[in-house]
Amino acid sequence: MFKRSFKYTDVPDPLKIQLEAEAEQFAYKIRTEIGVPLDQPLDIIEIIEEKFNVYVLQIKDLKVSGFVRMSGKQKLIFINASEPLGRQYYTAAHELCHILRDLNKVKEHEKLDENEKKDAINKMEFFANKFADYFISPREALAKSVIDTGITNFNEIKPKHIFTIQDKFKTSYRQTVRMLNKIGVLSDSQRDDLSSVSNANDPDFLINLMKDAGYNPLLSLPLAESRVPDKFINSIKSNITNNRISTKKIEYLKGILSIDFNSEDGPHNE
Ligand SMILES: [Zn+2]
């Protein structure tokens with residue numbers, strides 16, 4: 001469920017404006033509820049795992065960007081660890097939105113006819129993306145990060161300033177540029193100019209630019225291996241010990257996680 005789709009053209013423009021405003025307010029409401037200030041960046045994976053008791057599994061070579069699964073009563077977010085890390089964090093926030101607001105709608109959607117269902121899913125996906133935008137980088141925090149760069153004339157913003165800001169929010173380069181345009185810091189032509197250094201056909205160009213400017217390109221790179229939280233592995237091990245898990249499920253998890261649950265250490269990293 002909730003496989004990521006990028007066809008939002010079916011959401012009418014006026015509705016997009018309305019949904020975006022709602023998603024922004026929802027993102028701030030959730031931040032406030034969990035006590036994360038609106039003027040600060042956050043560690044999305046840590047927040048999801050600690051504040052919402054949801055495990056985030058970053059798995060290499062998933063066929064999609066991310067999805068939500070239930071393991072008994074435990075909610076899991078699967079993220080494609082082969083995508084750039086900045087994008088993985090964005091996907092994590094997107095999936096969190098589905099958990100907070102959409103999980104109970106799945107049954108309602110089943111009652112709709114095909115077109116109504118498509119509309120409902122398009123709206124839901126659009127909303128989850130806007131939630132991710134503002135949950136990760138609220139206007140207030142983003143504005144503060146621009147001021148912190150010491151720039152007094154926004155026309156002078158260069159890729160290195162974007163690198164500094166994206167390092168704070170753990171966002172991709174393109175996403176950072178897009179958000180700065182959204183809050184009025186970058187004009188549309190500046191956005192297009194700055195975005196042009198990030199090209200899917202030549203990802204090394206941006207990576208080298210970052211390295212040359214003295215920045216770590218981690219956010220533009222995939223994870224070297226899958227990352228599964230220790231808590232999750234321990235809960236599976238305990239279920240195995242207490243015979244609370246089927247052999248079929250253990251085999252499934254072994255396959256997807258490349259973990260031998262009988263050994264002491266999984267291949268997870270920090
Ligand atoms: Zn989604």
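Miscellaneous remarks
- Test: residue in segment 86-99 that is open to solvent by less than 60 Å² (accessible area, probe 1.4 Å) and not in a helix (DSSP H, G or I): no
- Taken over segment 1-52, residues that are closer than 21 Å to Asn104 by Cα and modelled with pLDDT under 95 amount to 5.
- Scanning segment 107-138 for residues that are open to solvent by less than 60 Å² (accessible area, probe 1.4 Å) and either acidic (Asp, Glu) or at positive phi (or both) yields Glu125, Asp133.
- Residue within segment 61-74 that is away from the ligand (no atom under 16 Å from the Cβ), under 17 Å from the mean Cα position of the chain (by Cα) and either of a type in the set (Gly, Ala, Ser) or open to solvent by 20 Å² or more (accessible area, probe 1.4 Å) (or both) present: yes
- Filtered residue count, segment 225-253, keeping only those that are in contact with a strand residue (DSSP E or B) (Cβ under 6 Å, 6 or more places away or on another chain) and either open to solvent by 40 Å² or more (accessible area, probe 1.4 Å) or not in a helix (DSSP H, G or I) (or both): 4
- Residue match in segment 91-106 (condition: among the hydroxyl-bearing types (Ser, Thr, Tyr), at negative phi and within 16 Å of the ligand (Cβ to nearest atom)): yes
- The selection criterion, being closer than 30 Å to Ile236 by Cβ, of a type in the set (Val, Ile, Thr) and in contact (Cβ under 8 Å) with a residue 40 or more places away in the chain, holds for Ile99.
The values are calculated or read from the model by the stated rules, or taken from the named source; none is laboratory data. Here the structure is a predicted model, which is why all the values come from computation and not from measurement. Because the Cβ atoms are built from the backbone with ideal geometry, glycine has one as well, and the counts that use them run over all protein chains shown. Accessible surface areas use protein heavy atoms only, side chains included; no ligands, DNA or RNA. Shrake-Rupley method; radii C 1.70, N 1.55, O 1.52, S 1.80 Å.
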